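Read the structure below first, then the notes.
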Amino acid sequence: MPGCSRLAMVHRTLRFGPFELSGSKRVLWCNGVTLPLGGRAFDILVYLAERPGEVIGKNELINHVWSNVTVEEGSLRVHVAAIRKALRDGQCGNRYIANVKGRGYSFVGSVVRLEDSTEHVSDWHMKARLRYAPVSPNTHRRSSKLRSVRLR
């Protein structure tokens with residue numbers, strides 16, 4: 001496509017405990033049930049879960065989630081509390097987010113990457129166009145070719 005950039009999009013689904021976190025679909029599931037989580041809290045959770053065991057500074061989290069906006073540290077605490085509530089963090093011995101005093105937060109759960117694929121934006125756009133392209137009944141020979149293109 002002319003003028004289309006070839007930016008890479010990474011699609012990851014992360015699993016930890018009974019939870020699955022899809023960054024591309026922006027959904028958090030627990031045993032297949034969608035859990036409500038606000039956008040900023042979701043962004044914080046993804047940022048932490050993609051870096052398990054690392055201590056992420058409060059300023060780094062704030063700059064990532066609220067880029068170019070002045071935000072008090074209290075806003076970060078409110079969203080981390082919402083994440084902990086959604087994950088039932090601390091209940092039944094389950095711990096996912098640790099506060100490292102004076103430094104920041106760390107995702108302390110074991111994370112498994114279920115899906116790691118990189119697509120280029122223009123490739124994704126082409127696949128989406130093919131997925132919804134009408135196929136006439138007279139093109140049975142071409143439809144098998146289209147199906148193979150769609151499955152790539």
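In this structure, the amide hydrogen of GLY23, modeled 1.01 Å from its nitrogen in the peptide plane, lies closer than 5 angstrom to those of ARG12, LEU14, counting only residues at least 5 positions away or on a different chain.
Taking the square roots of five times each eigenvalue of the Cα gyration tensor of segment 8-114, the equivalent ellipsoid has semi-axes of 20, 16, 13 Å, listed largest first. Summarising the amide proton neighbourhood of ILE97: residues at separation of 5 or more, or on other chains, whose placed amide H is nearer than 5 Å comprise VAL108. For segment 21-52, applying the loop criterion from DSSP together with a ceiling of 14 other beta carbons within 10 Å to the trypsin sites (Lys or Arg not before Pro) yields LYS25, ARG26. Here the simple spin-label model places points 7 Å from the Cα toward Cβ, and for ARG95 and GLU54 these points are separated by 2.1 nm. Using θ = phi - 60° in the Karplus curve 6.51 cos²θ - 1.76 cosθ + 1.60, the 3J(HN,Hα) couplings for segment 41-56 round to 4, 4, 4, 5, 4, 4, 4, 6, 5, 6, 10, x, x, 7, 8, 9 Hz; x is entered for Gly and Pro.
FYI, it's all coordinate maths here, none of it is from the lab. Just so we're clear, the structure is a prediction, and the values are computed from it rather than from any experiment. Note that we place each Cβ from the backbone using ideal geometry, even for glycine, and neighbour counts take in every protein chain shown.
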